[in-house]
Structure formats: structure tokens, C-alpha cells
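Visitor: Pasting a structure here, questions to come.
The values are calculated or read from the model by the stated rules, or taken from the named source; none is laboratory data. Small disclaimer: the values here were computed from a predicted structure and weren't measured. Virtual Cβ from ideal backbone geometry, glycine too; neighbours counted across all protein chains shown.
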Amino acid sequence: MKSVPSSFRKKKQKIVRSLLLATEYWAFRDALTRSYILDIAHPVRFAIANHDNTNPKFVTLEFALTHPRFKHLPFKNSKGIVSNIGGDKWEKIHDLWKKDRRNFIRYIEGDVHDTLLLAEDIFEIRY
């Protein structure tokens, strides 16, 4: 069996590397151009700051759900499923997922529901 000349191997490695970089760049570009990521935390902090006539600062979802700016919204307030238990929040969520699927689903659905209500209110989305 003949060995491949080193110049050919180097060219092949260079082509493979450039293809890998092109693929990685394409995936990055694709993610940016095809996705629209909405982080509701920023609009919430500005809405609360506007309401309170203060500077915007980061607030938790739990804080936003109890803030007077959003008191008219019918939140599910499922945060209490995890917040009312002592310990690490992520461990509690993991435990719910493993041991109490019904409350886990209730927690997740409540989070999504409440976040969508915030977005609808801030962006004045009406159905």
C-alpha cells in the first residue's frame, strides 16, 4: 500500500479545517437569523421601572408577579410550589421532575402561562 504524500495530507487537513469552521459559522449565523429569542426579563424590568419612576434593575419572575404594575393579571402563581420548600431551587425542580410529575407539570405550565401574560401585557397583545 502506497503512503500518501505529506503535502497532500496537509492540504486535506487544511480543507477539512476550513469546512469545519464554515459549518460552525453557518450554524451560528443560522441561529441568529432564523431564531427570535425573547427574554422577557428586560421588558419586565423596564415596565416596572417606568411604573415606579426609578432606574431599571433586574427583577425575578417571582418579584414581577407580585409587583403592583401587574396586579390586574390573572397569574397562576405556581412559583410557590418550589419557593415554599427550603433548599436549592434547581434541586427542588429536579426532585419534582423525578418524584412528583403532577406538580412539576403544574409548576412549568404556571411559569409559561405567567410569562406569556407578562409579555401580552407589556407588548399590548390583545386577542
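Visitor: If I ask for residues that are under 16 Å from residue 43 (Cβ atoms) and either without any contact (Cβ under 8 Å) to a residue 60 or more places away in the chain or more than 19 Å from the chain's Cα centre (by Cα) (or both), which ones from the range 75-120 would you list?
Guide: 114, 116, 117, 120
Here is a yes/no grid of residues against (1) in the same structural domain as residue 111 (by TED's automatic domain parsing); (2) small (Gly, Ala, Ser); (3) closer than 27 Å to residue 121 by Cα; (4) touching an Asp or Glu at 6+ places or on another chain (Cβ under 8 Å):
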| site | (1), (2), (3), (4) |
| --- | --- |
| 65 | yes, no, yes, yes |
| 74 | yes, no, yes, no |
| 80 | yes, yes, yes, no |
| 94 | yes, no, no, no |
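Visitor: Suppose we keep only residues that are at pLDDT 90 or above and assigned to a helix (DSSP H, G or I) within the range 69-94. Which one would you say is surrounded by the fewest Cβ atoms within 10 Å (Cβ to Cβ)?
Guide: Per the stated criteria, the residue is 69.
Visitor: Only one of 22, 27, 49 is of a type outside the set (Ser, Thr, Tyr), modelled with pLDDT of 85 or more and either within 27 Å of residue 122 (Cα to Cα) or loosely packed, with under 13 Cβ neighbours inside 10 Å (or both); which?
Guide: 49
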